[in-house]
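So the structure is just underneath, and the comments pick up after that.
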Amino acid sequence: MIVPGSILRGAMIARERQRLARLPIKQFAAEPLLQISRSEIDAAFHDQAITEAWRRDLAQISSVMPYEDIYGGVCPGERRAIYHLIAFFKPHRLLEIGTHIGASTLMIAQSLASHCAPNSQLITGDILDVNDPQQGAFNTLGTPAPVDGLRRLGLQDRVRFEVKPALQLMAGLNQKMDLIFLDGDHSAKAVYEELSAALDLLAPNGVILLHDFYPDGKPIYPKGMIVPGPFLAAKRVQSEAPNLNVMPLGALPWETKQGVQRTSLALVAKR
């Protein structure tokens, strides 16, 4: 018997919701967050200067990391969205949780080099050594080790790699972050706890970016897969911290993957 996808999704969401409900309430300090409108974000995606820089930089990046949908990596159109957001916000210090093959890592580093201060830097963390041939996924996926890709682009000084669980990494940092990209453990429990820790680590007027955010637990790509954790965690957080606004980025001006323009990226800002 084939079980319909909607039934499987419903069961998965129910399990995640039950696990999340067992967590004690945490604190969510919305004060450091930037207050920003969707129209301002749309302006960043349509900015002609950023678009021209993107086209120039893509030629370099594509010589190292294929601009295609790679299993486990941030999809092509979302990589471009991240590039535009970095160029728009011009953060000085960034944290990425979940390096994996470094698809977004390379994109962030390139946007930093093209649009931000000379000493701006990214810290990227994963529970595995993503540059080790035995642990990193790059060997099986046909991509370079993230650190090698950065070296080939001349961006190795822009990025610091950490091998630690997300909460441990955030607790050990002694500098505030202007932008935090959460793309590690996507369970509702992990995202709920990581959002609280990220807010404590955020510099004034900072932003948090979520990946794999599926509003209402519904698919946004034709193949119909979802990851319920980030949406469920954000829903609980917003009920406990009304000043916190989770803004799904929805449709982008370009294709993301599977022939659509929708994205699973969402910004966390101040309401």
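The values are calculated or read from the model by the stated rules, or taken from the named source; none is laboratory data. For clarity, every value in this text was computed on a predicted model and none was experimentally measured. Here the Cβ is made from the backbone with ideal geometry for all residues, glycine too, and neighbour counts use every protein chain on show. Each accessible area value is taken on the protein alone, full model and side chains, heavy atoms only, with ligands, DNA and RNA left out. Shrake-Rupley method; radii C 1.70, N 1.55, O 1.52, S 1.80 Å.
Do we have any residue at all in the range 144-152 that's surrounded by 23 or more Cβ atoms within 10 Å (Cβ to Cβ) and on the phi > 0 side of the Ramachandran plot? Scanning the range 144-152, I find no residue that is surrounded by 23 or more Cβ atoms within 10 Å (Cβ to Cβ) and on the phi > 0 side of the Ramachandran plot, so the answer is no. Here Ala87, Ala30, Ala11 are screened, and the one residue that is of a type in the set (Gly, Ala, Ser), under 21 Å from Leu232 (Cβ atoms) and crowded, with 17+ Cβ neighbours inside 10 Å is Ala30. Within the range 71-89, the set of residues being in contact with a helix residue (DSSP H, G or I) (Cβ under 6 Å, 6 or more places away or on another chain) and either farther than 25 Å from Ala145 by Cβ or touching a residue at least 40 places away in the same chain (Cβ under 8 Å) (or both) comprises Gly73, Val74, Ile82, His84, Ile86, Ala87, Phe88.
The set of residues in the range 68-123 that are touching a Phe, Trp or Tyr at 6+ places or on another chain (Cβ under 6 Å), among the hydrophobic types (A, V, I, L, M, F, W, C) and closer than 25 Å to Pro204 by Cα contains only Met107. Can you work out which of the residues in the range 153-183 that are open to solvent by 60 Å² or more (accessible area, probe 1.4 Å) and assigned to a loop (DSSP other than H, G, I, E, B) is nearest to Ala87 (Cα to Cα)? Among those that are open to solvent by 60 Å² or more (accessible area, probe 1.4 Å) and assigned to a loop (DSSP other than H, G, I, E, B), it is Lys176.
Restricting to the range 205-221, name every residue that is more than 14 Å from Leu249 (Cβ to Cβ) and open to solvent by 20 Å² or more (accessible area, probe 1.4 Å). Of everything in the range 205-221, those that are more than 14 Å from Leu249 (Cβ to Cβ) and open to solvent by 20 Å² or more (accessible area, probe 1.4 Å) turn out to be Asn205, Asp216, Lys218, Pro219. Pairs meeting the criteria (first residue in the range 16-31 and more than 22 Å from Asp200 (Cβ to Cβ) and acidic (Asp, Glu), second residue open to solvent by less than 100 Å² (accessible area, probe 1.4 Å) and in a loop (DSSP other than H, G, I, E, B), beta carbons under 6 Å, at least 6 apart or on different chains) are Glu16/Pro228.
Of the residues making up the range 36-61, just one is surrounded by 13 or more Cβ atoms within 10 Å (Cβ to Cβ), of a type outside the set (Asp, Glu) and outside any helix (DSSP H, G or I), namely Ile36. On the basis of being over 26 Å from Pro24 (Cβ atoms) and crowded, with 18+ Cβ neighbours inside 10 Å, does Pro248 make the cut? Yes: the conditions hold for Pro248. Return yes or no: is Lys235 in contact with a Lys or Arg (Cβ under 7 Å, 6 or more places away or on another chain), open to solvent by 50 Å² or more (accessible area, probe 1.4 Å) and at pLDDT 95 or above? So Lys235 fails the test.
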